[in-house]
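I have placed the structure first, in the form of structure tokens, so that the comments after it can refer back to it.
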Amino acid sequence: MTAAGIVGTGSALPERVITNFDLEKLVDTSDQWIAERTGIRERRQAAPRETTSTLCIQASQRALEMAGLGPHDLDIIICSTISPDMPLPSTAAFIQHGLGARNVMSFDLAAACSGFLFGVTVAEQFIRTGKARYVLVVGAELLSRFLDYKDRATCVLFGDGVAAGIIGPVEPPSGILATTMRTDGNFAEHLYIPAGGALKPASCETVRAREHYIKMKGNELFKVAVRSLEEVCRNVLEKAQITANDLDLFVPHQANQRITEAVRERLGLCTEKVFSNISRIGNTSSASIPLCLDECVRSGRIRKGHMVLTAAFGAGVTWGAALMRW
Ligand code: UT7
């Protein structure tokens, strides 16, 4: 079996910054409420000319460059997104075309905030078994296109961004050491977009009822998120037979600083070992973890040999954790 690991990362953030003060002008909220309850101070918003796939192509090119690879080295492209360019075809098809990759299997994956880790887990299997050498996994969201800027419960939380990872063969002891991924559809309506699919196709009524926007029962999700994240983190640590003390860095999905803090405390980690960029980036769903990883790798916060735990929780609900030695 070949060991698999992340051999390159890259990201693409829209330039436009939306601050909490900007949102104060749109909905009944305040910088103080948003910062205290979530840790978010600003987030990015894509310009009209930018799409999910254009940012994906930029982020992927940067990841390929870091890995020292070209598009023809890719065997598979997986795009994790809940905000695709369009329902059909996949955003992964646009990435393939934009990169000029050949003889590649490309598909989208819908697991919301856990999607990047789901993609990494799929990629790992292909590399371990020798069925593929390099897999591009992109976490991509333009959630601003799906947000109701009249709903203060959601529009203050989410931001736009894209980041990519190249998964490929690595020399042990580096590599993906353990993963655990889970889903519980019982909570599907805690975070969803009610209309625009086969269940409730788009109509004048659904548009009038603002049913094409993200709806969330945030308060109820909060408790499930903390419980679930702790469970999968413990599970992968146990699989790899290490303890939280052995970690160099914990990179959680950036949904809420209070969720991160609760999970950190339950795992018994010190604050220095937990990465957070939520104040600048907000919640970018699928893009959240790869954006963090790219920032950490480029700033030297993650270095070769580091033991890194990542964990995500999102709509579905889905959740998962992946332990890697860089
Ligand atoms: O990434 C995908 C997974 N997502 C999550 O895991 C999200 C988990 N949930 C959360 O992060 C938090 O629950 C939120 C940030 C969404 C909300 O924070 P909270 O502390 O749970 O607030 P709440 O929903 O219990 O609301 C408390 C109060 C309510 O007012 P009343 O009923 O107490 O008068 C809300 O109406 O805060 C009000 N509120 C706001 N006030 C100002 C809700 N949103 C806002 C807002 N500005 N933006």
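State whether segment 212-266 is rounded, prolate or oblate according to the following rule on the C-alpha gyration tensor (a ≥ b ≥ c being the square roots of its eigenvalues): a/c under 1.5 gives rounded; otherwise a/b larger than b/c gives prolate, and the remaining case gives oblate. Prolate, since a/c reaches 1.5 and a/b exceeds b/c.
Which shape class, rounded, prolate or oblate, goes with segment 48-92 when its Cα gyration tensor gives a ≥ b ≥ c as root eigenvalues, a/c under 1.5 marks rounded, and past that a/b bigger than b/c marks prolate? The shape class here is oblate. Taking amide H positions as placed in the peptide plane 1.01 Å from N, state which residues far from SER106 in sequence (5 or more) or on other chains have amide H under 5 Å from it. Sorted by chain and number, the residues that satisfy this are ILE77. The distance between label points at ARG301 and LEU199 comes to 3.6 nm (points 7 Å beyond Cα on the Cα→Cβ vector). Charge dipole of the chain (Cα centre as origin; +1 on each Lys and Arg Cβ, -1 on each Asp and Glu Cβ, all else neutral): 140 debye, rounded to the nearest 20.
Return the subset of LYS131/LYS304; LYS150/LYS200; LYS150/LYS217 for which the Cα-Cα distance in this structure is over 24 Å, preserving the input order. In this structure, LYS131/LYS304 lie more than 24 Å apart at Cα.
Modelled this way, with points 7 Å down the Cα-to-C-beta line, the labels at ARG280 and LEU88 are 4.1 nm from one another.
Placing pseudo-labels 7 Å out from each Cα toward the beta carbon at GLU24 and PHE222 gives an inter-label distance of 2.2 nm. DSSP beta bridges fully contained in the chain are about 70 percent antiparallel. In terms of the Cα gyration tensor, with a ≥ b ≥ c the square roots of its eigenvalues, is the chain rounded because a/c is under 1.5, prolate because a/b exceeds b/c, or oblate? The shape class here is oblate. The trypsin sites (Lys or Arg not before Pro) found in segment 21-108 that occupy coil by DSSP, while having at most 11 further C-beta atoms within 10 Å, are LYS25, ARG49, ARG102. In this structure the amide hydrogen of ALA3, modeled in the peptide plane, comes within under 5 Å of the amide hydrogens of VAL170, none closer than 5 places in sequence on its chain. Could you please state, rounded to a whole Å, how far the C-alpha centre of segment 191-211 is from the C-alpha centre of segment 118-164? About 23 Å separates the Cα centre of segment 191-211 from the one of segment 118-164. Close amide-amide hydrogen proximity is noted between ASN283 and PHE158, GLY159, each under 5 Å apart and 5 or more residues distant or on a separate chain (H modeled in the peptide plane; Pro and chain starts excluded). In sequence order, segment 98-115 has phi-based couplings of x, 7, x, 7, 10, 6, 10, 8, 10, 7, 8, 10, 10, 9, 6, 4, 8, x Hz under the Karplus curve 6.51 cos²θ - 1.76 cosθ + 1.60, θ = phi - 60°, and Gly or Pro positions carry x.
Take 305-318, 237-250 and order them by the average number of nearby Cβ atoms within 10 Å per residue, most first; the result is 305-318, 237-250.
In a Gaussian network model over the chain where Cα atoms closer than 10 Å are linked, find which of GLY218, GLY161, GLY300 has the largest mean-square fluctuation. Largest GNM mean-square fluctuation: GLY300.
Rule-based calculations on the coordinates, nothing more; no lab input. These numbers were taken from a predicted model, which means no experiment stands behind them. Positions of Cβ are backbone-derived with ideal geometry, glycine not excepted, and every protein chain shown enters the neighbour counts.
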